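Readers should treat all values here as calculations from the given coordinates under stated rules, not as data from a laboratory. Being a predicted model, the structure only gives us computed values, none of them experimental. Here the Cβ is made from the backbone with ideal geometry for all residues, glycine too, and neighbour counts use every protein chain on show.
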Amino acid sequence: MFNSIKIIKNRSDIGAGTRGSDMGIDAIEIAAINKENNYFGQYDYVDVATENESIYNKVNNSFAKRIVSVLNQCTRLSNHVKVTLQENTFPVVLSGDHSSALGTISGVKAAYPQETVGVVWIDAHADIHSPYTSPSGNIHGMPLAAVLSEDNLDFQINDISRETSALWERMKNIAIPGAKVTGENVVYFGVRDTEEPEDKQIEALKIKNYSVSEIRYKGLKKCVNEAIEKLSNCDVIYISFDVDSMDCDMISYGTGTPVSKGFDQAEVTQIMQQFIATKKVACVEFVEVNPLLDLKGNVMAETAFEVLDDVTKTIKEFL
């Protein structure tokens, strides 16, 4: 299916509430250099143009912060992912904040418009808020709602402007009109920090969440096999790995929204490798490394790089 790998570097953090994840890619590259690993010299890459200067824009909508620039960013990223896949090249996307997933998933769907797309979401957070329900207005908490084309108006707490509503509709229609995935084709791993509107939406859409405790009780391999079976009707699969899915007390606090009692490094690596072995995975994305918040030096980026290196070796094995 693929003949090579391409690294897509998306140094954008404008969807987050805390600055610094735009530096995550550089921190990961530094980790590789310090390990004397030539990972980033092995593959073609592209740098996606950013609009990080928009953080200085005083015109801001509190219910969908910097939505114009996030829309532009996700549109650019979508185009890069689409073209990469159309060239029969496997995109490994390294992004700042998790709003990027909207662009990446839209690009996958645009490349495979007739195929059914599955999403594996490894994260402490559900990221299924909309501008109507978000308590923070940070769009890195909204990418799945956008690709599912869901507003969750039953739990609306915000009265958004007509302009914001129109921009949100454009976000839901990046690359191709309408939903890119359905709830039954989304699987969560490690989600453990949610608000009530998200819990109700997850329940309504019948999205399965494999908690850390369930995986350790039932066994990781068994749970992943169940998830693979759940997504058996999907033609292509996208994997999103937010480093806050890992246990911040065990690994590092070097991410925007750290949460305790998460996965260890080996567990997230195995989840991804097991899915890749199905030969359905068409894109992986790593997000939310924030070196400015790492109290241990560069440990989060070093851990993320080790996962990236191991996962990429598995991708090459199944190209």
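Numerical summary
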| read-out | value |
| --- | --- |
| Members of 82/200; 9/208; 172/316; 180/280; 109/222 lying beyond 26 Å, as alpha-carbon distances in this model show | 82/200; 9/208; 172/316; 109/222 |
| Given charges at beta-carbon only (K, R positive; D, E negative), |dipole| of the chain in Debye | 620 |
| Gain in span if fully extended, residue 3 to residue 45, counting 0.36 nm per residue against the direct Cα distance | 13.6 nm |
| Per-pair calculated FRET efficiency, R0 = 22 Å: residue 249 and residue 136 via Cβ, rounded to 0.05 | 0.40 |
| Separation of alpha-carbon centers, the stretch 1-66 and the stretch 149-193, rounded to whole Å | 23 |
| Prolate/oblate/rounded label for the stretch 4-317 (Cα gyration tensor, a/c 1.5) | rounded |
| For the chain, the longest site-free run once trypsin sites (Lys or Arg not before Pro) in DSSP loop states with at most 16 other Cβ atoms within 10 Å are removed | 59-205 |
| Karplus (6.51, -1.76, 1.60) ³J(HN,Hα), θ = phi - 60°, over the stretch 233-242, in Hz, Gly and Pro reported as x | 7, 7, 7, 9, 10, 10, 10, 10, 10, 8 |
| Which of 284, 246, 260, positive extreme of dipole for the stretch 177-319 (C-beta unit charges) | 284 |
| Within the stretch 1-67, GluC sites (Glu not before Pro) in DSSP loop having at most 13 other beta-carbon neighbours inside 10 Å | 36 |
